[in-house]
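Read the structure below first, then the notes.
The values are calculated or read from the model by the stated rules, or taken from the named source; none is laboratory data. As the structure is a prediction and not an experimental result, all values here were calculated from the model. Reconstructed Cβ throughout: ideal geometry from the backbone, glycine too, with neighbour counts over all protein chains shown.
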Amino acid sequence: MSDAARTFDKQLSDKVRCRPLDADDSLAHITYLLHRAYKQHAERGIKALAAFQPEEVTRKRISGGECYVALYMGKIVGTILFKNAQQTAAAGVGGSITIPFFQRGDVASFSQLAVEPEYQGHGIGSRLIAIAERRAAETGAKELGLSTPEPATWLVEMYQRYGYRIVDKVHWNETNYVSAIMSKAITPAIVVNGQHHPAEGARHTPA
């Protein structure tokens, strides 16, 4: 573990700033971040697209939704891609539009969740997921879905702790594994004076 990782503490998570991707942000950096974050998949024989996708694929995927980044000390250390229900129904997740669950019209989604390996385990991923859940509520989605490798049991278990459940399984043409399609019920936000507010009793992943 690097010195940076040792000195980073969950209690200092307020030093991590999350924001939408800027036009000046480097897509090459985002792409290599994805490669580094998903390297553990490749090392386990899981052929995840994000572990080797070129920059042009990153650009294409980002263009179909809302990309958010997490910064620590001015450096991008995490990212997530959110799609509202309409975008999800139109383009699917991971480029596939063949999964009925994502075609319902009320299911938003997120993908390309990645955190630099040396900063994993410090709540950055949770903050990014919380953004996706907030945007799902604000855009009126009833569910927030995702696709994750079924053999990556540590990820399936993490999402289950966050309240996600397996709703389907699929084998992507570009991969060598079965993906678990997971989803979480979302309570649409209430709009008051043009501002979005969580509905009473709504539960989201802690930021």
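Worth a mention:
- Qualifying residue in the stretch 69-81 (condition: more than 23 Å from S109 (Cα to Cα), in contact with a strand residue (DSSP E or B) (Cβ under 7 Å, 6 or more places away or on another chain) and either modelled with pLDDT of 95 or more or surrounded by fewer than 21 Cβ atoms within 10 Å (Cβ to Cβ) (or both)): yes
- Some residue of the stretch 12-24 being in a strand (DSSP E or B), touching a Pro at 6+ places or on another chain (Cβ under 7 Å) and either surrounded by 15 or more Cβ atoms within 10 Å (Cβ to Cβ) or modelled with pLDDT under 95 (or both): no
- Scanning the stretch 168-182 for residues that are in contact (Cβ under 8 Å) with a residue 12 or more places away in the chain, in contact with a strand residue (DSSP E or B) (Cβ under 7 Å, 6 or more places away or on another chain) and surrounded by fewer than 16 Cβ atoms within 10 Å (Cβ to Cβ) turns up D168, K169, V178.
- Checked against the criterion of being buried (at least 21 other Cβ atoms within 10 Å of the Cβ), in contact with a strand residue (DSSP E or B) (Cβ under 6 Å, 6 or more places away or on another chain) and at pLDDT below 95, the stretch 113-124 contains one or more residues that satisfy it.
- Set A130, A136, A207, A141: member being modelled with pLDDT of 90 or more, closer than 24 Å to V69 by Cα, in a loop (DSSP other than H, G, I, E, B) and among the hydrophobic types (A, V, I, L, M, F, W, C): A141
- Whichever residue in the stretch 134-158 is surrounded by 17 or more Cβ atoms within 10 Å (Cβ to Cβ) and among the polar types (S, T, N, Q) and, among such residues, is farthest from A48 (Cα to Cα): T139
- Note on the stretch 42-64: residues that are outside any helix (DSSP H, G or I) and either hydroxyl-bearing (S, T, Y) or without any contact (Cβ under 8 Å) to a residue 40 or more places away in the chain (or both) total 4.
- Total residues in the stretch 86-110 satisfying the condition of being under 13 Å from S183 (Cα atoms) and either assigned to a strand (DSSP E or B) or at pLDDT below 80 (or both): the figure is 5.
- Out of A114, A89, sole residue that is more than 30 Å from S13 (Cβ to Cβ) and aliphatic (A, V, I, L, M): A89
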